[in-house]
Amino acid sequence: MSPSPDPEIARETARRRTFAIISHPDAGKTTLTEKLLLYSGMIRTAGMVKNRKGKLATSDWMGMEQERGISITSSAMQFPYKGNVINVLDTPGHQDFSEDTYRTLTAADSAIMVLDAGKGVETQTRKLFEVCRLRRIPVLTFINKLDLPGRDPLDLLAEVEQVLGIHASPLNWPVGAGREFAGVIDRRTSEVLLFKKTAAAGAQKAEIERLHIDDPRLTERIGAALLEKAHHDLELLEVAGNPFSREAFLRGEVTPAFFGSALTNFGIEPFYDAFVDLAPAPGARPVDLEGGGEKLLDPVTEPFSAFVFKIQANMDKRHRDCLAFMRICSGRFGRDLVVQHHRLGKQIRLARPHTMVAQERATLDEAYPGDVVGLISRDTFRIGDTISLDGGFEHKPLPQFQPEVFARVSPRELTKRKSFDKGMDQLIAEGTVQRLWPENGALNDPLVAAVGKLQFEVLQYRLSDEYKVETTISELPFECSAWLEGDPETFNAPTTALMTKDARGRNVVLFTSIWDKQSAARKNPAHKLLDYA
Ligand code: G4P
């Protein structure tokens, strides 16, 4: 007998949009997030995140949380937007870029890719996009900073196609650019959305005038030259542009593209309206069944289940507790729920769900598929853990991502070896860094590897703070790596490469340059070099 859907769970699931913003630092992720808060009515004036340089969302959000009492944490932020419930997952960039940034994407149902119109597709965007592709996460594209002189829109879309290998289909089109940026044309309705330039410039919602593309008043509003160009561009797109279908977008074959300026709010509301319209609600996820095989886990009809995608150490020195963030995949979450912890094979009570509702730090009572719940944990949770009401399956293991920084770490005092080993085991289990064993007999000690350098600092800090072990870290001259598929004996490696094994016994090759890696891939056609495992 198939379980009958609970109408409340069905309704709540359908109105959730759980997403992450992927971008290169400075493309405008923070500004765009803040404008979502402005348009959702959570804040009345934008511009609070000004004056912060470098250090990003985490602290901004925490600051905003205190000031406005809105529902924010450093890892996920929830608020209503026009009848929908938005969950924005934080993807730390800048110096905080780490494996966590990648892992967060496994908890998202869609992603917004923000590009700087002056710069196009940059490195971190490309790496994060690859993860979206791997996870088949649909991606919407927002091309930002149209108020500044930038590159030609057609050029930018061509770059998205060439570099990322996805069709880009512009759903709106800019009228003018830089100082002349006057509005966007909604290609689905043929309306021109003209933005009024006001003194508030971005702090308040933008005023929009909507005119049909054939409305005679347009000539007077934007001038004959811009209008002629708009007509010309639209005709060109009609003939040469990629068609858009929501199905193709959901399959990850096409990204709908939008133009705007997060700073001045031009194009923000139409973009977010299209986002809630197009982006998927939490859907069924494939899970591995205990006895072998897999099934699709329906978010509405299946009882409660979730997986842990991030563990955050407590920076409060008096407590060793961590905060385990889990994404709900099915059913309703309620306080004091007793669930199966699959890895530990025992039942646990979810007694202290750390609230995402920051207003009064109240305890969270209910949550639904797509929501993120933080649970205080000492040793209970690890990244990738599944919990559920009934058990019988595992959420898919989270992929590991190609480390790009490598080091040798050792305790400064030999007497601290035991604490050092204990701390390393725990921090590796939490996913702070990865551990690799060199094949070369002369290098018996394991190496540590991470996606970003900050992870080494976190490692050292936590070993010192929590395990009272001071350590020495010496970085190694490798720049990238790959999991090797195929016989390592017949792999023709560059002389500077190092063969290692990971915790699961898989072969990992470390390279001193991207060039070496590419050349090794060419020289070893019978082997595969994988960026994810
Ligand atoms: P990030 O989170 O992706 O790193 O980017 P963030 O929003 O912090 O934006 C990076 C810089 O780009 C900020 O300027 C921000 O004001 C600016 N910016 C964002 N969107 C737009 C836009 O649409 N047009 C223009 N012209 N600028 C934009 P900053 O000088 O680093 O900081 P601030 O002091 O201006 O806040």
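The values are calculated or read from the model by the stated rules, or taken from the named source; none is laboratory data. Keep in mind the model is a prediction, meaning the values are calculated, not measured. Note: ideal-geometry Cβ built from the backbone for every residue, glycine included; neighbour counts use all protein chains shown. What goes into the accessible areas is simple: the full protein's heavy atoms, side chains included, and nothing from ligands, DNA or RNA. Shrake-Rupley method; radii C 1.70, N 1.55, O 1.52, S 1.80 Å.
Being of a type in the set (Gly, Ala, Ser) and surrounded by fewer than 19 Cβ atoms within 10 Å (Cβ to Cβ) is true of Ser245. Taking the condition in a helix (DSSP H, G or I) and open to solvent by less than 40 Å² (accessible area, probe 1.4 Å), does Leu436 pass? Against the criterion (in a helix (DSSP H, G or I) and open to solvent by less than 40 Å² (accessible area, probe 1.4 Å)), Leu436 does not qualify.
Set side by side, the residues Leu459, Leu463 differ, and just one is modelled with pLDDT under 95, out of contact with any Gly (no Cβ under 6 Å at 6 or more places or on another chain) and either open to solvent by less than 60 Å² (accessible area, probe 1.4 Å) or not in a loop (DSSP other than H, G, I, E, B) (or both), which is Leu459. For the range 213-228, a residue qualifies if it is assigned to a helix (DSSP H, G or I), surrounded by 11 or more Cβ atoms within 10 Å (Cβ to Cβ) and of a type in the set (D, E, K, R), and the qualifying residues are Arg217, Arg221, Glu228.
Taking the range 505-520 as the range and being without any contact (Cβ under 8 Å) to a residue 24 or more places away in the chain and either exposed (fewer than 14 other Cβ atoms within 10 Å of the Cβ) or part of a loop (DSSP other than H, G, I, E, B) (or both) as the test, the residues that pass are Gly505, Trp515, Gln518.
Against the criterion of being within 16 Å of the ligand (Cβ to nearest atom) and of a type in the set (Val, Ile, Thr), Thr264 qualifies. Taken over the range 271-284, the residue count meeting the criterion of being closer than 15 Å to Arg135 by Cβ and surrounded by fewer than 21 Cβ atoms within 10 Å (Cβ to Cβ) is 3. Taken over the range 219-243, the residue count meeting the criterion of being farther than 14 Å from Trp173 by Cβ, touching a strand residue (DSSP E or B) at 6+ places or on another chain (Cβ under 8 Å) and either without any contact (Cβ under 8 Å) to a residue 60 or more places away in the chain or β-branched (Val, Ile, Thr) (or both) is 1. Taking the criterion of being open to solvent by 10 Å² or more (accessible area, probe 1.4 Å) and either within 14 Å of the ligand (Cβ to nearest atom) or within 20 Å of the chain's Cα centre (by Cα) (or both), the residues of the range 248-261 that qualify are Leu250, Arg251, Gly252, Glu253.
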